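> Please read through the structure below; I'll follow up with questions.
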Amino acid sequence: CAPSQFRGTGMNDVSRSFRGNSNASRDIAHHLHPYTNFKKHEQTGPLTIVRGRGVYVMDDDGKEYIEGMAGLWSAALGFSNERLATVAYEQMKQLPFYHAFNQRSHEPAIAWPTILLAIVVSLGYALVAYLAASGQMSLWLAFPVNVILAYAAYTPVHEACHRNAVDAKHRHAWLNDATGVLAGFPLFGPFHLHQLTHLAHHAHTNDPEKDPDHMMASQSVMSMLGRSVLLPFVHIHFGLQIGSHSRAMACVACCWALFNF
């Protein structure tokens with residue numbers, strides 16, 4: 001059950017008071033926020049989060065909230081996860097950083113957990129689909145399970161888009177694309193096409209002409225849900241515009257063949 005201090009409170013509906021040299025006033029003066037109504041932001045100020053624990057985050061006034069987006073999917077295992085903090089601390093003691101120039105590499109250059117997640121979600125999705133098709137699993141159970149697996153599949157796809165699964169200088173750099181293609185199977189999406197459009201999104205965020213995700217900008221939840229149905233087709237359109245036409249079309253054709261299979 002949610003603690004009483006944040007029941008019924010939306011993280012974007014909090015009116016903030018600010019004056020002088022407060023965090024809010026400095027934020028308004030110097031911080032350019034993406035996906036933000038600047039006029040409203042100037043009037044109400046930011047919601048400043050100062051700490052988190054598990055699924056909860058706390059603002060600078062001490063009020064707690066449930067963070068349903070996991071910090072834009074960057075804290076999917078919970079905030080202030082002690083196991084992750086311990087691993088990070090041990091890695092900082094062993095080798096805090098090393099470059100990848102001139103054929104140099106290091107062990108963390110291969111994100112084995114990301115590769116393992118891609119394998120698990122893809123095999124799990126295929127297994128559930130087989131069990132449902134053969135009548136060994138109820139469709140009412142198979143559908144939500146595969147929805148969860150498809151949701152989890154985007155994590156390795158996203159990492160592969162940014163070449164975070166395997167360093168580009170590593171001798172096994174091919175594993176990065178393999179991870180993206182494998183994890184993209186539950187999403188029925190061509191990885192290389194999505195990589196083009198996703199990087200375009202980062203390069204041209206909020207540009208209505210060049211950002212393929214700009215169409216999702218809306219104040220209405222129902223409008224966003226409706227537009228999300230069209231988003232894959234928008235990405236295909238952008239991919240054909242900015243990438244190799246033959247490569248993009250081959251990806252789309254393969255994806256369509258897999259879907260119909």
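Just so it is clear, none of the values below were taken in a lab; they were calculated from the coordinates. These figures come from a predicted structure and were not determined experimentally. Please note: Cβ atoms are built from the backbone with ideal geometry, for glycine as well, and neighbour counts cover all protein chains shown.
> Which order results if M215, M58 are arranged by neighbouring Cβ count within 10 Å, fewest first?
M215, M58
> Another question, then. Could you list which residues have their amide H under 5 Å from that of M137, counting only those 5 or more apart in sequence or on another chain, with H placed in the peptide plane?
Result for M137 returns A132.
> Could you pull out every one of the aspartates and glutamates with an alpha carbon less than 18 Å from that of K93, ignoring same-chain neighbours closer than 8 positions?
E82, E107
> Follow-up. Residue by residue through region 157-171, which ³J(HN,Hα) values in whole Hz follow from phi under the Karplus form 6.51 cos²θ - 1.76 cosθ + 1.60 (θ = phi - 60°), with glycine and proline marked x?
4, 4, 5, 5, 4, 8, 6, 8, 5, 9, 4, 5, 8, 6, 5
> Also: So, in Å, what gap is there between the alpha-carbon centers of region 212-239 and region 43-57?
Measuring centre to centre over Cα atoms gives 27 Å.
> With a 10 Å Cβ neighbour count serving as the proxy for reagent exposure, in which order, fewest first, do V181, V229 appear? Before the final figure, lay out each step's value.
Working: V181 19, V229 8.
Ranked by crowding around the Cβ, least crowded first: V229, V181.
> Could you go through region 119-133 in sequence order and give the Karplus-derived ³J(HN,Hα) for each residue, using 6.51 cos²θ - 1.76 cosθ + 1.60 with θ = phi - 60°, rounded to whole Hz, and x for Gly and Pro?
Once θ is set to phi - 60°, the couplings for region 119-133 become 5, 5, 5, 5, 5, x, 4, 5, 5, 5, 4, 5, 5, 5, 5 Hz.
> Say each of A133 and V55 gets a label point 7 Å from the Cα, pointing the same way as Cα to Cβ; how far apart are those two points in nm?
For the pair A133/V55, the computed spacing is 3.4 nm.
> Something else now. Return, ordered by residue number, the residues of region 71-97 whose backbone nitrogen is under 19 Å from a label point located 7 Å along Cα→Cβ of L116.
Hits in region 71-97 for L116 at 19 Å: 75-78, 81-92.
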